[in-house]
Amino acid sequence: MWPLSRPVLVLLSLIALDHPEMAVVCVDQSTGLSVGTGRDPDTHTNNNTQRGKRHGPARRHPSESNCMTFQYGLDDFRHVVTGAALMASGGGGSYHDAMRVLEQLEASGWSGSVEIKDYDGATDACVLAMMGSPDAAEDLSLAAIQRAMNNTVDAFRTLCGTTPTCVIPVEIGPINSLVPLIAALGDTPVKWVVNGDGSGRAVPELPQTLYSGAATLTASPCVLADNAQRGEDARSVRLQAATAADVESLAGSVVAAFGSYAGIMLWPSTAANGFALTDHYLSGTLEQVRALGAYMEDADSPHTTEHIVAKLESLTGRIATSALTNGYITEVTQSTNGASLDVGIIRLDDTPDPRDSTSTHYLYNMNENLILYAAQDGAPVIIAPDSICYYSEATGRGFSNAFDDLAPYHDRQTGKSTGVPVSVISIRAASAFRDATGVCDSFAGLLRRIGYAGGPLKGPA
């Protein structure tokens, strides 16, 4: 699991009617990359006990909020998980696991907040995530995540001689959007989280990120640590390799040795490399998934697929379409390959009983969804790096390919659809992500591994 128009500078301001604003800066909308920062000294707090009050004459929507500062509380964490479960393209960890972790956080009595803002280009930072198979990590808990994150941060300090005080998600995902937020809880070295990620979706491997295309932002040193209860008992490893692909290979072996999952910290951004994260991440994506989650959770009844598509376009500024509306998952073939990849094929039909179907689609995944085929003409409908996202009009939620997430829609015991409909939504990849060095080539290599030798679909930019 990763268990990520024409140039114009726009002034960023207020975003959603349910969320406070805190700072204003600028972003290059042609790329989605951060190009500057600023601070508004007049701030408000938004947490699970008191929502921030609106300040100022208007609120602009989240595609214009990339460089503002926010305070996320427990309600916002839930919204992040809900929005990420849809936008993650079937990966990024289990939605059910993430919600269980948040139930444990609520039970702990936590009522604080975590600061979220654009990268300032002056703070030691790192990408922080959980690495492992979503289905192998079914026992994931809040305590396990906190121990893994603390052990990983401590190991990075010991093995690399620096302690990043801000972190950024590797990708969009129910778990991997949540993990950096959990790392910043309480009295820890991590003080705030960058509003962004490396892909705008979840990805199977490290090379399929915007980070990997940066010459000055190297994946090494990379540190992994397990979730041992006592720091002195923690197992940790520092990896040094020339490329993100090499780090991925080595890290997979470490995760296998550690168990089903591990904390991972890599792509350090420090004075030594000119704080290279500044120009090499998708800005604003964490707030986009939060706003999407709030839209989904605040509804009196589930939104239609058409409404979700429209909301995705308004939040991201990218083209979204419904590739399949209210179909049924009639077959799931899924297996865990090593410690970090679940590989599978999902069959979707227009009827719960595939014998009555007149339209069949096949969705191939490696944790994340990579390609959707229409069986009727044998042609790809959607190909990564574009996102291939699940949504259900019956439940009002998105979900991942983890078995517990698929359970409401497909009965694993009988091998049949539960009769609960699902839709598949395409979101055009951000141009900065699609055009980053090596990203499309890396996705092409994954597609060849699952039997597709063609090139990416040509769609609108």
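Read the figures in this text as sums done on the coordinates, not as results from a lab. Values in this document were obtained by computation on a predicted structure and should not be read as measured data. Glycine gets a Cβ as well: all are built from the backbone with ideal geometry, and neighbour counts include every protein chain shown.
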Residue-wise HN-Hα coupling along the stretch 314-323, computed from phi with Karplus coefficients 6.51, -1.76, 1.60 (Hz; x: Gly, Pro): 5, 6, 9, x, 10, 5, 10, 9, 8, 7
What does the stretch 221-348 give for Rg and for Dmax, in Å, if only its C-alpha atoms count? 20.3, 52
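Expected output is a single nm value to one decimal: the length gained when fully extending between Glu331 and Thr188, i.e. 0.36 nm times separation in residues minus the C-alpha distance. What is it?
Values: separation 143, 0.36 × 143 = 51.48 nm, distance 4.45 nm.
Contour length minus the Cα-Cα distance gives 47.0 nm.
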Once amide H atoms are placed 1.01 Å from N in the peptide plane, what residues at a sequence separation of 5 or more from Val381, or on another chain, have their amide H within under 5 Å of its amide H? Leu372, Tyr373, Ala374
Using each residue's phi in the stretch 243-255, evaluate 6.51 cos²θ - 1.76 cosθ + 1.60 at θ = phi - 60° and report the 3J(HN,Hα) Karplus result to the nearest Hz, with x for Gly and Pro. 10, 5, 5, 5, 4, 4, 4, 5, 5, x, 5, 5, 4
Quick one: length gained pulling Thr358 to Ala379 fully straight, 0.36 nm per residue minus the C-alpha distance? 5.9 nm
P(r) of the stretch 107-253 over all Cα-Cα pairs, 5 Å bins starting at 0, rounded to whole percent, reads 2, 9, 18, 24, 24, 15, 6, 1, 0
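Given 25 °C and 0.890 mPa s, how large is the Stokes-Einstein diffusion coefficient of the stretch 71-117 in µm²/s, with Rh as the Kirkwood radius over Cα pairs?
Numbers: Rh = 11.3 Å.
The diffusion coefficient I find is 217 µm²/s.
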Dividing the Cα radius of gyration by the Kirkwood radius, what Rg/Rh value follows for the stretch 197-255? 1.03
Run the reach check for Lys191 against aspartates and glutamates, Cα to Cα strictly under 16 Å, same-chain hits fewer than 8 apart removed. What comes back? Glu115, Asp118, Asp120, Asp124, Asp154
Amide H contacts under 5 Å for Leu239, placed H, 5+ residues apart: Cys222, Val223, Leu224
Please list, in chain and number order, the residues 5+ apart from Asp124 or on another chain whose amide H is under 5 Å from its amide H, with Hs placed from the backbone. Thr165
Given a Förster distance of 56 Å, report the FRET efficiency between Lys416 and Ala257 from their Cβ-Cβ distance, rounded to the nearest 0.05. 0.90
Given Cβ point charges of +1 (Lys, Arg) and -1 (Asp, Glu) and nothing else, what value in debye, to the nearest 20, does the dipole of the stretch 219-339 about its Cα centre take? 300
From Cα coordinates alone, what are the radius of gyration and Dmax values for the stretch 312-461 in angstrom? 15.2, 45
